[in-house]
Amino acid sequence: MSASWISPPTRTELIENLVSGVDRYNPSNVGILEDYLYHQIRSQEYDCLANLAILKLYQFNSDLYNPDVVVNILIKALGASPLPDFNLCISLLDERSPNASLDEPDPLPALLPVLHGLHHLLYRCRFPAFWRAYRSDQLESLRDNYTVECAGFEDSIREVVIRAVKSTFTRIGTDRLGLYLDLDSPEELQAYVAKLGWTFNSEGTVVSIPPNPDNQIEAVVVQESIKLPQLTKVISQAARP
Amino acid sequence: MSRPTLWSTADMDEDLADAVDAELSLYVQQGQNPAIYDQLGAQIEQLEPLLAIQQHMAALAAVPDVVKSFIVSFHQAILNRDLPSITIFYTTTFPKLTDRFYSRTEWPEPETIAPLLSSNEATEDQIHIFLVLYRDLYYRHVYSRLHPNIDDRFHSYENSCELFNYLLNSPSSADDNSDEPAPVDLVLPEQWLWDIIDEFIYQFQVFCSWRSKVKSKTGDELMMLADGTGVWSSYSVLNVLYSLIQKSKINEFIVALKEEQGKESARSAEEVAKSISPYTALPLYRTLGYFSVLGLLRVHVLLGDFTLALKVMDQVGEFLLGGSGFGAKANKSSFTALPTLPATHISTHYYVGFCYMMLRRYPDAIRTFVTVLNFLQRMQRMRNYSGYERKDQYDQIAKTADRTLALYAMCHSLVLPGSPFTRLDDNITSTAKERYGDQMGRMSKGGSDALAAFEELFLYACPKFINANSPPYDDPDAIALLLSADPTEPAEGSPIPTDPTQRHLRLFLASAGAQSPLPTLRSFLHLYTSLTTEKLSSFLDLVKVSESDQETVEEAEEEAIQEMMVLKQNSRSLSRIVPAQGRSEKGNDASPAGLTVIGTLLEGEMISTSDLNFVIDDNTIHIAESTVGRRYAGWFIKNTERSQRVLDEIRGSPLPVFKGKVGQKQGASGTVAPGAESVAINDSAEAAQKKAPTKTVAWGGAGTRTTLDA
C-alpha cells in the first residue's frame, strides 16, 4: 500500500521528475503541479507527494499562494485518513505576512478550523457525526464552492469508512452500515454493498464482510525459535569428554 | 537673553561681522581652488592606510605569542596537506587556546593576523583560503560563546558563501584550458567538514528565528534587513547543499558500491569512486557530499517537510540505518570510503526518528531511537574515544541524546504496549523511566493529564522549527502593521498558530489525544474472550445498563463501537521492518527472528503493533490475545558457556602449594593413586592443551577420585 502512496501509478513521468528532482523548487513549475492537482480532482485520483510539493513552493514563494488550491489539497487529504496526509499538509502551511497581495479576502483562515474539525472526526471514526457536520448549514459554503467540484469526494470519504469497517468487523448491521456510509435509501445501500462484493444475510439485516488480514484474528503464542548455530558452542563443549 | 551664535552675524557688531565675512570669503576663495584640497586629501589618504596598519600592528602585538605560532604552524600544515597535524590543531589546540585566551572575547580579526601568514611560502590564493577557513572558526566561536550582532550574521553568511564557492566553482589549473571547475586541492579532517556543514545550518536556523522577531529590532537593523533579503535565504542554503550533493555524486557512488557488493571481484571503494567522477575520487568531496545529505535531512525537518526529508535520504538511509545487509555496522572496513562520526550518527537518527514520529509510524521511530541510544551507551563507556576530547562537542551530543530519550519515552507510551513485534528494548526503557518516569506514568494512563505531559516533552525535544520566509522587511507598510499589532490580542482569524513549533505541537497533540481513551478500553478487553457491545459500553461508564432510555443506550453503544474502530486503527502501523510471514495454522509460532526489511525509509507495510486482536461480529466482540512464550534459551546458553569457562580455568590453574604435612600428604596421595593421576593427566592434556602435561594438575585425580574409590 505504501509503495503506491509514494509513487502512484497515475503519476506521469513529467510529474515524477518534478517531484523527485531539484526542479520542484523552481517557482515557474507551480503551474504544472497545480494543473495536476485539478486533474486529480476531476478524475478521482490522488497523489500526496505532488500536492505537498505545491505547498512547499507556496512556503518559499508567498506570492504564488493560491488559497483555493490549498483548500482543494486539504479536501483531497481528508480522503486519505487514517494516513497522516492531512497533518503533513498543515505542517507546510507557514504563516503569511498580513499584507499579502490577494484580490479577494483569503478564505483559508475561516475554513481551516472547519477542515481540522472534519479531519479530527474522521480520525476518531466518528462517522455519523462527520456526515451530520458535513451536511449542516454551516458548511454550505464549503460544499458549494469546493467539494462540489471535487469529483467523488463523498465516495472517497466512504472509502475511509470502509477501510475502518473492514478491519474491525466480520459482520455489521445494515442500519449501522447505512449510517456510517450516509446512504439512506436501501437501494443505494444495496447497490454500494454489491459493488464492494459484500453479501447480505437472508433477512437483509446484516452484512458480511469477507475475510481480510485485519479481521481474522487468532491467538498466537510467540515462541522462541532456537537455531542450531546458537548451540554450536554448547554442543562442542559437551562433545569433549 | 540668548547667547550670540557665532554665525548669525546679525547679532554681532558691524565690525566683527565684517571680519567674519572676510574670513569666510577667504575660505570660499580657497575652496574655489580645488588643487589645495586635492593635495590635502592626498596627504590624508596616504596617512589612512598607515593609520590602519598601525592599528593592526598594535592589535597584532596584543596577540599572545602562543597564538601567533599556532596560526603560523596551522597555516603551514594546511599548505603541506598534513592531515594528522591539521586534525590535532583543529581538535585539540584550537579549543585549548580558546579556553585559555578567548573564552569571553573574539579571536583576533582575520585582517590582524594576515601579516603573519606571508612568512610561509604561500600564494595569494592560498593565504586567502586560509583566511576563509580562519573566519569560519572565528564566527563559529562568536556564535557559540558570544552574541552575534547583525553585522556578524551578515559577514558569516558571506564567508560561508565564499568557502562553498571556492569548493564548488574554483577554476581549473592553468594547464587545463577547459572552463569546467575543477576539484580543489585541499585536505581537511572529517570532523571539521561535518562542523562546517553543521554550523552553516545552525547559523541559518538561528538567523531565521532571530529574523522572525520583528518587534525587537532597532531602526538600523530594520534597514539592513530590508536591503539584504538574499542573506540566509532558504533558497541559497538549499542551493549550497544540493550543489554539494550533485557535485560529489554521492548517491550514484552509494548505488555503485551496492552493486559492487554483489560482484565476485569487487573493486575497492576508491576505484569505484574514481570511475564516477573526479570529484567523487577525492575524500574531501565525498565526505562533504555525504554530510550535505544529512544536512538536507535536517533542513527539511526544520521547515516542516517530513516526507521530503526521508526522501532525500533514499540511498544514504539504507547505508547508514542498515537493514538490508548493506550497513555501516556490518563491514565497516570495506566502507571506510564514507565516514561515520558519532555526531553524525546521533544527529541523523534523531531527525529520522522525529520524522517517523510525525508520520505516526511509531514502531519505526522506536527502532531508530533504540539503535542510536544503544550506540551512545556503548560510546559513553569508552569515553576516551578519539575525537571526543572536545568537551563542548560531547555536551552537545549529550543534549541530543537526552532529547532522543524524551522522544523515545513519548513513542513508547503511544505504541500500545505489549506488542510482540516491536521488541522494546528493556535497557533503554529503564533508562527512560529513570529520567522521565513521571511523564511516562502520566502519558500511559491517558486522559488530559497525558496531554500535558506530551506537550512538555514535545516542546523540550522537538527541533527548533523555522519559518521559511522572513517577515516582509522590504515592505515598510507591512512591517509597520506587524509592529503596531497588539501582542496581547490573538492574531485575527488565524487558527494556525503562527509559531511553527506551536503548529506542529498542535498536530501532534491531536494525534496523541485521539489515543487517550484507548488504554482504558484495552484494559477491559484484556479480561474477556468475547463480549457484547452493550456490556462494553456499560463498562465505559457511558451509561448504566439499567437506563431505560433506548436512545442514549444506543448512542453510548455507538460511541463504544467507534472507539473500537479507533483502537483497531491504532494497532496498525506502517513499518519498515516486517516480520516474515511464517504462520499458516492457528497456534503456530510466529518467529520474531524472521524479519524482512523493506527498502527505502519512506516505504513500509502495515503491521500489527498490539498483542490484543479483536473483531466485531454484529454485536459481539471476539478477542484474541497473543502472548510471548518464555525465552529461556539465551539464559541457558550463556550460563552453560560461563560454567564451562570456569571449569576450564580451574582445571588449568595450578594447585595452591601448602608447606609441611599437607605437602607430604599430597605427595603420598599422588603416589597412592597413580592410575588416577594418569587419568587426570589425560584430562588435562585434552582440556588445557597449552599447559605441559607434567604440571601439577593432580586435583582431578587426587581430589575426587581417591575419595570416590575409597
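Derivation of every value follows stated rules applied to the coordinates shown; laboratory data play no part. Since the structure is predicted, the reported quantities are computational estimates derived from the model, not experimental observations. Backbone-built Cβ (ideal geometry, glycine too); neighbour counts: all protein chains shown.
With neighbour counts taken as other beta-carbon atoms within 10 Å, the residues B:648, A:35, A:85 rank, fewest first, as A:35, B:648, A:85. Applying 0.36 nm per residue to the separation of residue B:215 and residue B:636 and subtracting their alpha-carbon distance, the gain on full extension is 144.9 nm. So the label point goes 7 Å from the Cα of residue B:155 along Cα→C-beta, right? Which residues of the stretch B:60-77 then have their backbone N under 17 Å from it? Within reach of a label on residue B:155, which here means backbone N under 17 Å from a point 7 Å along Cα→Cβ, the stretch B:60-77 contributes B:60, B:63. Computed from label points 7 Å out along Cα-Cβ, the spacing between residue B:649 and residue A:43 is 7.3 nm.
Residue-wise HN-Hα couplings along the stretch B:301-307, as the Karplus relation 6.51 cos²θ - 1.76 cosθ + 1.60 with θ = phi - 60° gives them from phi, are 5, 5, 8, x, 10, 7, 5 Hz; Gly and Pro carry x. Once R0 is set to 60 Å, what does the formula 1/(1 + (r/R0)^6) return for the Cβ-Cβ distance between residue A:138 and residue B:255, expressed as a FRET efficiency to the nearest 0.05? E between residue A:138 and residue B:255, to the nearest 0.05, is 0.65. Mind giving me the FRET efficiency for residue A:199 and residue A:16? R0 is 35 Å, r the Cβ-Cβ distance, nearest 0.05 is fine. For residue A:199 and residue A:16, the calculated efficiency is 0.30. Shown for B:565, B:443: other C-beta atoms within 10 Å of each C-beta, ranked fewest to most, produce the order B:565, B:443.
Projecting the Cα atoms of A:219, A:173, A:150 onto the dipole axis of the stretch A:128-241, where Lys and Arg carry +1 and Asp and Glu carry -1 at the beta carbon, places A:219 farthest toward the positive end.
Label-to-label distance for residue B:51 and residue A:187 is 9.7 nm, based on points extended 7 Å past Cα in the beta-carbon direction.
Can you sort B:200, B:465 from fewest to most other Cβ atoms within 10 Å of each residue's own Cβ?
Sorted ascending by nearby Cβ count, the order is B:465, B:200.
For the peptide B:354-364, the mean number of other protein chain Cβ atoms found within 10 angstrom of a residue's Cβ is 1. From the cross-link list B:399/B:433; B:215/B:464; A:166/B:568; A:166/B:445; A:76/B:464, which pairs have alpha carbons spaced over 22 Å apart? Exceeds cut-off: A:166/B:445; A:76/B:464.
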